[in-house]
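Engineer: Take a look at this one; I'll ask things after.
The values are calculated or read from the model by the stated rules, or taken from the named source; none is laboratory data. Since this is a predicted model, take the numbers as computed values, not measurements. Positions of Cβ are generated from backbone atoms using ideal geometry, with glycine treated the same way; all protein chains shown enter the neighbour counts.
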Amino acid sequence: MVDERLLRRIDVLLALVAGWFVLSLVVACFALMVFDLALGMVALATVVLTLVVGGLSYARSTGIDPDVRVEVR
């Protein structure tokens, strides 16, 4: 048997850890911008792209149909 409350607590904990990690990466990107603007912008773009792809992948795996569609021509 699986305790639903425990699963929800674990989900919340994982979401908080992921949020903290993402905020750390964003702060690190801005710290890089102090030394080299181009490198910081590339790092920030990489973080944003990874978040978008991860979010869309999660939405697809959970059955949520995102409004964004990519078609190859």
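Engineer: Pick out the one residue from 17, 72, 12, 22 that is outside any helix (DSSP H, G or I) and of a type in the set (A, V, I, L, M).
Structural biologist: Answer to the check: 72.
Engineer: Any residue in segment 37-49 that's farther than 14 Å from residue 26 by Cβ: show its pairings with residues that are modelled with pLDDT of 90 or more and surrounded by 13 or more Cβ atoms within 10 Å (Cβ to Cβ) at Cβ separation under 7 Å, as long as the two are six or more apart or on different chains.
Structural biologist: From residues that are farther than 14 Å from residue 26 by Cβ, the pairs are 39/32.
Engineer: Just need a number here: residues in segment 18-36 that are surrounded by 10 or more Cβ atoms within 10 Å (Cβ to Cβ) and more than 15 Å from residue 51 (Cβ to Cβ).
Structural biologist: Count: 5.
Engineer: Here's something else I'd like to know. Evaluate segment 29-46: report whether one residue or more is out of contact with any Phe, Trp or Tyr (no Cβ under 7 Å at 6 or more places or on another chain), at pLDDT below 90, part of a helix (DSSP H, G or I) and not hydroxyl-bearing (Ser, Thr, Tyr).
Structural biologist: No: zero hits.
Engineer: A further question follows. What is the number of the single condition among (1) assigned to a helix (DSSP H, G or I); (2) loosely packed, with under 10 Cβ neighbours inside 10 Å that residue 2 does not meet?
Structural biologist: (1)
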